[in-house]
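Worksheet: one structure, shown below.
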Amino acid sequence: MKVIKITALWCSGCLIMNKVWNQVMQQKPIETISLDYDIDEEEVAKYNPGKVLPVFIFFKNNKEIKRVTGEKSVREMITIINELGD
């Protein structure tokens with residue numbers, strides 16, 4: 001599984017989720033590609049993230065299988081990952 005994480009420097013929810021994601025990664029190491037909404041504008045546009053940040057896009061076998069937007073707890077993120085399987 002791989003995750004594209006789209007955040008922005010000005011987004012308070014993104015700052016919170018960066019900390020949450022770091023905790024998640026300690027328990028469930030997943031290949032993560034981090035993109036900044038403003039800096040990586042062209043690459044971000046390929047994923048059509050919408051207006052709500054942060055966005056976590058989960059891929060398996062190079063196919064999108066789930067999107068998670070906004071703030072979530074470590075427990076919620078772990079549950080989502082467990083539901084998606086390895």
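What follows is calculated from the coordinates using simple rules that are stated; it is not laboratory data. None of the values given here were measured: they were computed from a predicted structure. Cβ coordinates were reconstructed from backbone atoms using ideal geometry, including for glycine residues, and neighbour counts include every protein chain displayed.
Work out, step by step, the length gained on full extension between residue 74 and residue 28: first 0.36 nm times the residue separation, then minus their alpha carbon distance; give nm to one decimal.
15.5 nm
With label points built 7 Å along Cα→Cβ from the Cα atoms of residue 16 and residue 36, find their separation and express it in nm.
The answer from the label model is 2.3 nm.
Remind me, what semi-axes does the chain give for its equivalent ellipsoid, largest first in whole Å, using sqrt of 5 times each Cα gyration tensor eigenvalue?
Those come to 19, 16, 10 Å.
Given only helices, namely DSSP H runs of n ≥ 4 each adding -39500 (n - 2.57), what is the per-residue ellipticity at 222 nm of the chain, to the nearest 500 deg cm²/dmol?
Calculated from helices alone, the mean residue ellipticity at 222 nm is -11000 deg cm²/dmol.
So which aspartates and glutamates can residue 66 reach, going by Cα to Cα under 12 Å and dropping same-chain residues fewer than 8 places off?
Those aspartates and glutamates meeting the cut-off are 83.
Could you check what % of the DSSP bridge pairs in the chain are antiparallel, to the nearest 5?
Just about 65 percent of them are antiparallel.
Using the beta-carbon distance between residue 52 and residue 82 and R0 = 30 Å, what value does 1/(1 + (r/R0)^6) give for FRET efficiency, to the nearest 0.05? Let's see the in-between values first.
Details: r = 24 Å, r/R0 = 0.79.
Computed FRET efficiency for residue 52 and residue 82 comes out at 0.80.
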